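Working notes, beginning with the structure itself.
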């Protein structure tokens with residue numbers, strides 16, 4: 001009887017482990033949607049650019065684009081969202097160029113022409129390597145503005161925690177993986193999943209000017225999570241309400257974005 005009881009316990013433990021392994025596999029597949037094909041380049045929108053390859057601290061070669069304007073003071077370090085690659089952000093590159101900024105966008109490991117496979121830790125290392133590349137090119141750290149969209153918001157917040165920047169722009173992002181898991185899988189305990197993306201804790205200690213942007217119509221990352229991130233952020237900080245879906249708000253709110261981001265950058269000390 002004792003042996004039979006032990007067998008049931010062992011079976012239950014094995015089943016639980018298999019469920020956790022399966023859920024973490026699903027987590028990884030649902031979190032990262034990399035594409036390798038480069039669909040467009042900045043040249044298609046009339047922008048001159050340099051294709052850049054640089055190495056991470058753990059030995060992966062990453063690919064990115066650098067758009068430079070001779071008179072620009074600030075350089076946007078662009079961390080994109082979880083799907084596609086840098087070629088799907090050409091219109092946003094043009095947007096920042098028209099604001100008078102240099103722009104450096106890079107693909108995370110496993111995206112586009114970058115080596116490796118994506119992971120939370122890996123994305124943080126990738127952003128750090130992109131930052132170090134800019135500094136090595138002679139761009140002053142105090143002239144770098146971190147910009148992150150969606151998942152890239154969590155990536156650029158981590159970069160701003162670790163590196164000197166002029167300012168931080170977080171667009172359509174979230175407070176933590178825990179809060180997103182509660183939204184998507186309310187019936188599952190958050191600790192089953194491996195991802196943390198603990199932006200809400202990190203942003204409390206980042207003292208540079210911050211602009212946090214979120215659409216009230218965001219159907220993927222709830223507006224309340226953008227507000228929660230803002231509420232916990234250390235000052236100085238600003239919040240911008242926009243309109244439109246998660247993947248369409250840039251186009252639906254482009255005019256107000258251009259006005260408010262331009263004012264934010266002009267107001268930097």
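Rule-based calculations on the coordinates, nothing more; no lab input. Only a predicted model underlies this, so the values are computations on that prediction, with no experimental measurement involved. Positions of Cβ are backbone-derived with ideal geometry, glycine not excepted, and every protein chain shown enters the neighbour counts.
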Between 79, 44, 141, find the one with the highest GNM mean-square fluctuation for the chain; connect C-alpha pairs within less than 10 Å. 44
GNM of the chain, Cα pairs under 10 angstrom: of 128, 110, 244, the biggest fluctuation goes to 244
Everything considered on the Cα gyration tensor (a ≥ b ≥ c; rounded for a/c under 1.5, else prolate if a/b is larger than b/c, else oblate), segment 34-73 must be described as oblate
Using a simple spin-label model with points 7 Å from Cα along the Cα→Cβ vector, what separation in nm is obtained for residue 48 and residue 141? 3.1
Taking the alpha-carbon centroid of each part, what is the distance from segment 122-137 to segment 95-118 in angstrom? 11
Shape of segment 114-237, Cα gyration tensor, a/c cut at 1.5: oblate
Working from Cα positions, state the angle (0 to 90°, nearest 10) between the long axis of helix 120-136 and the longest principal axis of the chain. 20
How far is it, in nm, from the label point at residue 164 to the one at residue 259 when both lie 7 Å from their Cα along the line to the Cβ? 3.6
In a Gaussian network model of the chain with springs linking alpha carbons closer than 10 Å, the residue among 107, 179, 126 that fluctuates most is 179
What shape does the chain take by its C-alpha gyration tensor, where a ≥ b ≥ c are the square roots of the eigenvalues and a/c under 1.5 counts as rounded, a/b above b/c as prolate, and the rest as oblate? prolate
